[in-house]
Amino acid sequence: MNEWDLVLRGGRVIDPESGLDAVRDVAIAAGRIAAVGASLPPGPAEEDVYGQVVTAGFIDLHSHVNDVGGLRLQALDGVTTALELEAGVTPVAEAYRRAAGQGRPVNYGFSASWALARMETVAGLPAQASLGAFMARISDPAWQRAAEPAQLTALIERIAADLADGALGIGVLLGYAPAASPEEYLRVAGLAAESGVATFTHARDLVEMVPATLADGAEEIVRAAGETGAHMHYCHINSTSHRHIDRVLALVDRAQKAGSRVTTEAYPYGSGMTGIGAAFLAPERLGERGLSPSSLTFAPTGERVASEARLRELRETDPGGLVIIDLLDESSAGDRALLMRSLTFPGSVVASDAMPLTWVSPPADALAWPLPRTAITHPRTAGTFCRSLRLLTRDAPGAAGPASLSAVLAKCSLEPARLLEDWVPAMREKGRLQPGRDADVVVFDPETVTDQATYADSTRPSAGIRHVLVNGVFVVRDGGIVADAGPGRPVRAEPR
Ligand SMILES: [Zn+2]
């Protein structure tokens with residue numbers, strides 16, 4: 001008798017790395033894939049998955065979700081590893097401790113947070129390892145100002161301490177502190193280069209939007225890669241580039257061809273979401289992006305912001321309150337095509353920018369499931385991966401026609417794993433449906449898989465995902481959440 005725990009029988013197994021796309025059985029044992037083959041012998045447990053795709057679980061490089069309810073939405077979208085890399089969390093050791101104590105349905109990990117480190121070293125605020133702490137202070141000018149030399153030294157030391165604790169890289173919310181100097185950004189990139197990790201940047205303003213910006217947000221990322229040799233990951237190229245996506249992609253393409261390590265990600269939605277106190281949402285700055293107060297929908301109340309006066313009031317009273325920002329118009333064919341180009345760009349990975357749940361009334365039990373209707377988020381939290389699968393393989397083929405399932409799955413699992421694996425050993429075991437690798441597995445119906453979340457119904461889970469296993473344990477079974485499953489493990493870099 002074999003030592004297997006489970007056999008997934010007769011699915012269409014797709015592994016972009018080896019090129020396998022064929023009907024196979026998959027055996028799982030002790031959290032790993034034990035065998036992939038035709039007509040494997042029976043295991044102690046069997047699941048028939050005929051007609052379903054069986055592939056490596058999706059790796060989300062950009063998830064701000066830290067509540068179990070939100071992570072369950074991500075699992076129902078096929079995500080088996082959700083990493084907080086753009087904002088990051090500092091001190092990172094505390095973030096890992098908290099997540100381990102909480103127990104998580106999917107694997108987790110964090111970068112060092114430039115913004116939170118800046119709150120400590122430039123603003124003198126106490127260290128608080130959470131996105132909530134950042135959101136609460138998002139509009140505070142004290143952390144956004146230009147750093148003194150001694151503060152810059154302390155900032156670099158703070159981030160280096162996180163890298164010594166296994167942080168996955170350096171998250172840089174540069175666009176939220178536009179007075180931070182380009183020299184500071186190069187110092188941070190230099191630290192990443194020395195440490196052999198990547199930075200994950202929310203770009204500074206583009207020169208088309210803010211002619212007086214200290215540096216063009218796109219040029220600056222690319223230049224940092226060229227000058228320091230660091231791997232610079234350009235976050236959500238779809239949203240910060242606004243209607244200049246083609247210009248930004250051409251710049252990235254030139255840098256890549258010149259040998260710089262610049263990588264990109266995108267999510268297929270026209271609207272963004274952040275704290276309403278963000279610097280670039282100040283009433284006097286909305287015009288830079290062609291926005292007005294009514295381009296903003298305040299999530300806690302569901303209201304379209306009626307006036308500048310109301311915007312000022314909300315920024316004052318609840319700066320971290322989440323707001324939907326209309327950027328590209330999803331009803332415009334031109335804007336939709338632009339959005340899709342950010343996703344089909346070679347090497348651009350699918351990353352959700354998933355947001356924590358906002359509650360319109362006092363939060364329910366954190367483990368309540370199904371989610372009460374009072375929980376609100378951006379539809380990207382629940383739908384990014386299945387929406388990408390639907391659009392790229394079925395509904396919105398680019399000029400070259402529909403993409404192959406294998407090519408799209410590579411953007412969801414293999415390519416994100418490869419992006420990190422030089423300094424994150426766990427990533428060498430993920431993103432592949434191969435014997436010996438981690439049993440992070442998603443099983444879905446390729447004909448019907450789709451997102452269902454909308455701006456009006458933002459927590460509606462994706463459909464068509466049948467099973468999700470994390471480290472060999474079902475977290476989604478027969479399309480439903482397994483209530484007590486918490487097999488997620490920490491993902492850490494080799495300490496620097
Ligand atoms: Zn961002």
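The values are calculated or read from the model by the stated rules, or taken from the named source; none is laboratory data. Please read all numbers here as calculations on a predicted model, not as lab measurements. Please note: Cβ atoms are built from the backbone with ideal geometry, for glycine as well, and neighbour counts cover all protein chains shown. For accessibility, only protein heavy atoms count, side chains too; no ligands or nucleic acids. Shrake-Rupley method; radii C 1.70, N 1.55, O 1.52, S 1.80 Å.
The single condition among (1) away from the ligand (no atom under 15 Å from the Cβ); (2) under 30 Å from residue 452 (Cα atoms); (3) part of a helix (DSSP H, G or I) that residue 254 does not satisfy is (2).
Among 432, 394, which is farther than 29 Å from residue 322 by Cβ, assigned to a loop (DSSP other than H, G, I, E, B) and basic (Lys, Arg)? Please lay out each step first, then the result.
Details: 394 fails: assigned to a loop (DSSP other than H, G, I, E, B).
The unique qualifying residue is 432.
For the residues 331, 388, the requirement of being open to solvent by 30 Å² or more (accessible area, probe 1.4 Å) and away from the ligand (no atom under 16 Å from the Cβ) singles out 331. Entry remark, region 163-180: residues being farther than 12 Å from residue 197 by Cα, in a helix (DSSP H, G or I) and touching a Ser or Thr at 6+ places or on another chain (Cβ under 7 Å) number 2 in total. In region 181-207, the residue that is surrounded by the fewest Cβ atoms within 10 Å (Cβ to Cβ) out of those that are charged (D, E, K, R) and assigned to a helix (DSSP H, G or I) is 183.
Cβ-Cβ contacts under 6 Å between residues 6 or more apart (or on different chains), taken from a first residue in region 61-88 that is over 22 Å from residue 368 (Cβ atoms) to a second residue that is among the charged types (D, E, K, R) and within 14 Å of the ligand (Cβ to nearest atom), are listed as 62/86; 62/353. Going residue by residue through region 122-144, is there one that turns out to be crowded, with 21+ Cβ neighbours inside 10 Å, modelled with pLDDT of 95 or more and closer than 20 Å to residue 222 by Cβ? Among the residues of region 122-144, not one is crowded, with 21+ Cβ neighbours inside 10 Å, modelled with pLDDT of 95 or more and closer than 20 Å to residue 222 by Cβ, which makes the answer no. Screening residue 304 against (1) in contact with a helix residue (DSSP H, G or I) (Cβ under 6 Å, 6 or more places away or on another chain); (2) under 19 Å from residue 176 (Cα atoms); (3) open to solvent by 50 Å² or more (accessible area, probe 1.4 Å) leaves a single unmet condition, (2).
Quick one: which residue in 264, 240 is within 16 Å of the ligand (Cβ to nearest atom), open to solvent by 10 Å² or more (accessible area, probe 1.4 Å) and modelled with pLDDT of 95 or more?
Details: 264 fails: open to solvent by 10 Å² or more (accessible area, probe 1.4 Å).
Within the list 264, 240, the selection yields 240.
In the set 213, 228, only one residue is away from the ligand (no atom under 13 Å from the Cβ), open to solvent by 10 Å² or more (accessible area, probe 1.4 Å) and either without any contact (Cβ under 8 Å) to a residue 40 or more places away in the chain or within 14 Å of residue 280 (Cβ to Cβ) (or both); that residue is 213.
Might you let me know whether region 109-120 holds any residue that is at pLDDT 95 or above and open to solvent by 30 Å² or more (accessible area, probe 1.4 Å)? Before the answer, list the steps.
Pass one, region 109-120, residues at pLDDT 95 or above: 109-120.
Narrowing the set further to residues that are open to solvent by 30 Å² or more (accessible area, probe 1.4 Å) leaves 120.
Within region 109-120 (the criterion being at pLDDT 95 or above and open to solvent by 30 Å² or more (accessible area, probe 1.4 Å)), the answer is yes, since at least one residue qualifies.
Could you go through region 96-107 and let me know if any residue there is in contact with a Pro (Cβ under 8 Å, 6 or more places away or on another chain) and buried (at least 23 other Cβ atoms within 10 Å of the Cβ). Checked against the condition, which is being in contact with a Pro (Cβ under 8 Å, 6 or more places away or on another chain) and buried (at least 23 other Cβ atoms within 10 Å of the Cβ), region 96-107 yields at least one hit. Cβ-Cβ distance below 6 Å, separation of 6 or more or different chains: which pairs start in region 250-277 with a residue that is of a type in the set (D, E, K, R) and end on one that is open to solvent by 10 Å² or more (accessible area, probe 1.4 Å)? Once the first residue is of a type in the set (D, E, K, R) and sits in region 250-277, its partners that are open to solvent by 10 Å² or more (accessible area, probe 1.4 Å) give 261/231.
Right, residue 178: closer than 25 Å to residue 218 by Cα and within 16 Å of the ligand (Cβ to nearest atom) or not? Let's see the steps before the verdict.
Details: closer than 25 Å to residue 218 by Cα: yes; within 16 Å of the ligand (Cβ to nearest atom): yes.
When the stated conditions are applied, residue 178 passes them.
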